[in-house]
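Please read the structure below before turning to the comments.
Read-outs throughout are calculated quantities, based only on the coordinates presented, and are distinct from any laboratory measurement. Here the structure is a predicted model, which is why all the values come from computation and not from measurement. Here the Cβ is made from the backbone with ideal geometry for all residues, glycine too, and neighbour counts use every protein chain on show.
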Amino acid sequence: MKISITPGSVTSEDLQSKLETKFPQYPFSKRGHFSILKKTNTVGTKILINKNKLLVFGDFPTQKGTIIFIVLVVLLGFLIPLIVYLLAFHPKMKKFEKEIGGFLIEEYGL
């Protein structure tokens, strides 16, 4: 989800404080340029701050989860893990992405 913002209006610290205030039940962490909210071990959302937009996308919240998924794709081929991902993980990730994205649109969106 792309959210248009005015350049320089969002800082990482401001984003973190607002997310921790609104969603205290979800652990917040940072990895490189990404801010990560973790709902469960398999459902989370990553937020990237660019000059004029926020990128919010559902993803595995840990590196371990991502690596396990990639290894399964390599070992089992592309089709089986893709079907499992689309049926088991993707709907939950999209729902969480929309929840966080909706809040960020209210706070920062143009």
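Cβ-to-Cβ counts within 10 Å put Lys95, Lys18, Lys51 in ascending order as Lys51, Lys95, Lys18, the fewest first.
The calculated Kirkwood hydrodynamic radius for the chain is 14.7 Å, given to one decimal from all distinct C-alpha pairs. Label-to-label distance, Leu75 versus His33, with points set 7 angstrom from Cα along the beta-carbon direction: 3.3 nm. Model label sites at Phe57 and Gln16, defined 7 Å from Cα along the beta-carbon direction, differ in position by 2.3 nm. Scanning residues 5 or more positions from Lys39 or on other chains, those with amide H under 5 Å from its amide H are Gly44, Thr45, with H placed 1.01 Å from N in the peptide plane. With a simple spin-label model that places each label point 7 Å from the Cα along the Cα-to-Cβ direction, the separation between Ile83 and Thr40 comes to 2.1 nm.
When only Cα pairs below 8 angstrom with a gap of at least 6 residues are kept, the chain shows a relative contact order of 30 percent. Annotation: aspartates and glutamates with alpha-carbon distance below 17 angstrom to Lys2 (same-chain offsets under eight excluded): Asp59, Glu97, Glu99, Glu106, Glu107. Each residue of the stretch 75-81 is assigned a 3J(HN,Hα), and the resulting list reads 6, 9, x, 7, 5, 5, x Hz, derived from the Karplus form 6.51 cos²θ - 1.76 cosθ + 1.60 (θ = phi - 60°), x at Gly and Pro.
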